[in-house]
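Written out below as structure tokens is the structure these notes cover.
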Amino acid sequence: MKKIFICILFWNMAYAERIAFLPFEDKTIDGKGKERLATLISSILPQQGFSLADKDRIEKVLPLSTQKEIGRFTPEIALSLGELFSADILVKGKISEPKKGTLIITCSFINARRELDQTLNERILSLFWSELGRSYKIEKVISSDEIIISGEFKIGDKLEIIREGKKIGQAEITKAKESQAEALYSCSERVSTFDSVRKSAISISDGKIACLITSSPKANISLDRNFIGKTPIIIKNIEKGLLSISQEGYLPFQTEIIPEETDSFLSLILVFSTLSKQEGKKGSLLVVTNPQNAKVYLDGELVGLTPISLSNIQSRLYEVRIEKDGFTTLSEKILIEGQVEMRRDLTSALLPKPLMPPVKEKEARPEVISIPTAHSLSSGEAIIALNYPNLFVLRAGLPTGDLKTEVRIEGLGAGLKYGLNEWVGADLFYSKYNMREKEKEERKQALLAISLPIEEKATLHLGGGYLWAKENKARQFFGVEIPIKENIAILAEYDNIEEYGLGCRLTFGRIGLLLGASEDRFDGSIFLLRKPIDNHKETETTD
């Protein structure tokens, strides 16, 4: 077993922290874990930041017999060793090589001197992540809260803004293309193209253990068969699980992550993996189902009916899909290496499909029944509606005397409405984000609405206005509401921007339900009323 002791001084921290690396357990194939660990630390810290202690002196201070007896550190042992080695932090661990080209290093950081900075574990993680993680260039600063970044991202990715290895802000991807992305950011300092960004760590569960994974080439990462991202990646608070690293054209690698019980304030697991290219290995697949004659698809291509035996298949990860009329589809990711069998009982594993025409998936759209009306809420009245994509709509009547004035908050926008009388109303609205297109866009809208009752049998709503956005355009609308019963109303609308739609509104005391549909849209919302509304008088639910 190789032994190593490295004293490190972090000058770049808020105050100096002397770190002593105690002898590591070496389980590498060639037994050169000491040299590999020294190379890793050298790549992360400046050369003057640490030195290798004399091996003979280490064994005089800490004999091999004593080293073997050291297990879990009590605070007293940690303080004694800290004084012995003039260190504030002790680091112990092991370095292993489960297969050639893959190195796993576990480091447990233990307080050995005094009260440490509460952010020390985050700064240590940031130090390793800055050197081993991947950073991306800021191509352009568009405004005080928006930047353009080079690299492959997806909408919703969380990023950290980095300057000289330190985090100074955070950002989130709002629009992604093939090699560039736009992001909204927040930062206490002025951001420039000299700064860079990196992906934020992913938190899995509670704990104090972090895992940093890198690979060559860049690969997919799964934990207990759940995809969590691509390398390089840092996972905070990781728990025990099966870690999988895979990339098309390369042999996958799997290892069990088993965090150890420790007295440390931070346990860091480093995984370095070099994937091997597949060398034309072949496998076979047998698929048997009950009942038989189910269609089998391999990566989307129909290969036959069950029972079916396929041979001479290139060894890699495949998607196997099984379909049969009257049963729901079964889809699984299967790694084909050697002889693989799939036996599925469709009677118990699959449920009969409901007899209904297939529904074509459509993009989520704002609520369909949204024709503005002349009516405003009275002072003290309120409506809270939940829907998608605006998430919520809040309407509240303001105390403005005889003039009915209403404030409306909808998604990321707000507006005012004025009920000039029972038949005429004005509506002003402003937002900085387009909820339908999911992108930043400044929108202003001014409308005038007229509501005309027809002998208590129906109410007509019509009017128009103007919308200022990327494409300024006039807006005209027409709608009709027909009460069926005291708590049921049928609604229809036409809008030159939102097109047409049909729907109904149900109210049950203080709870209401609004449903609407058009040729290619469907919307539903549930709303809560501060007090019951008479359907014959209050003809508007959400604007």
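The values are calculated or read from the model by the stated rules, or taken from the named source; none is laboratory data. If you're wondering where the values come from, they're calculated on a predicted model, not measured in any experiment. Cβ placement follows ideal geometry from the backbone for every residue including glycine, while neighbour counts extend to all protein chains displayed.
Just give me the residues in the stretch 420-460 being among the basic types (Lys, Arg) and under 20 Å from THR174 (Cα atoms), in sequence order. Full working, then the answer.
In the first step, residues of the stretch 420-460 are kept if they are among the basic types (Lys, Arg); the result is 432, 436, 438, 440, 443-444, 457.
Within the stretch 420-460, LYS432, ARG436, LYS438, LYS440, ARG443 meet the criteria.
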Checking the structure you have, find out if any residue of the stretch 327-338 is outside any strand (DSSP E or B), surrounded by 13 or more Cβ atoms within 10 Å (Cβ to Cβ) and out of contact with any helix residue (DSSP H, G or I) (no Cβ under 9 Å at 6 or more places or on another chain).
yes
Being without any contact (Cβ under 8 Å) to a residue 60 or more places away in the chain, of a type in the set (A, V, I, L, M, F, W, C), more than 24 Å from ALA492 (Cα to Cα) and surrounded by 15 or more Cβ atoms within 10 Å (Cβ to Cβ) narrows LEU428, LEU416, LEU462, LEU403 down to just LEU416
### Query
Do we have any residue at all in the stretch 295-317 that's among the aliphatic types (A, V, I, L, M) and exposed (fewer than 12 other Cβ atoms within 10 Å of the Cβ)?
yes
In the stretch 197-221, anything within 21 Å of the chain's Cα centre (by Cα), assigned to a strand (DSSP E or B) and crowded, with 19+ Cβ neighbours inside 10 Å is listed as VAL197, ARG198, LYS199, ILE209, ALA210, CYS211, LEU212, ILE213, THR214, ILE221
Counting only strands (runs of 3 or more DSSP E) wholly inside the stretch 375-431, the ones holding at least 2 residues that are touching an Asp or Glu at 6+ places or on another chain (Cβ under 7 Å) and either not assigned by TED's automatic domain parsing to the domain that holds ILE454 or not aliphatic (A, V, I, L, M) (or both) are 391-398, 413-419
The residue that is nearest to LYS100 (Cα to Cα), considering only those in the stretch 17-49 that are modelled with pLDDT under 65 and within 36 Å of the chain's Cα centre (by Cα), is LEU45
* Asked: Within the stretch 286-296, is there a residue that is closer than 30 Å to SER96 by Cβ and not in a loop (DSSP other than H, G, I, E, B)?
  -> no
ALA181 passes all but one of the listed conditions (1) touching a Phe, Trp or Tyr at 6+ places or on another chain (Cβ under 7 Å); (2) at positive phi; the exception is number (2)
Within the stretch 243-256, the residues that are assigned to a strand (DSSP E or B) and surrounded by fewer than 20 Cβ atoms within 10 Å (Cβ to Cβ) are TYR250, GLN254, THR255, GLU256
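Here is a yes/no grid of residues against (1) among the β-branched types (Val, Ile, Thr); (2) part of a strand (DSSP E or B); (3) more than 21 Å from ALA414 (Cβ to Cβ); (4) assigned by TED's automatic domain parsing to the domain that holds ASN496:
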position	(1), (2), (3), (4)
GLU437	no, no, no, yes
LYS440	no, yes, no, yes
ALA446	no, yes, no, yes
SER451	no, yes, yes, yes
GLY465	no, yes, no, yes
LYS470	no, no, no, yes
GLN476	no, yes, yes, yes
Item to complete: Could you please let me know if PHE272 is assigned to a strand (DSSP E or B) and over 16 Å from the mean Cα position of the chain (by Cα)?
Response: yes
Those residues of the stretch 465-489 which are within 22 Å of GLY425 (Cα to Cα) and among the aliphatic types (A, V, I, L, M) amount to LEU467, ALA474, VAL480, ILE482, ALA489
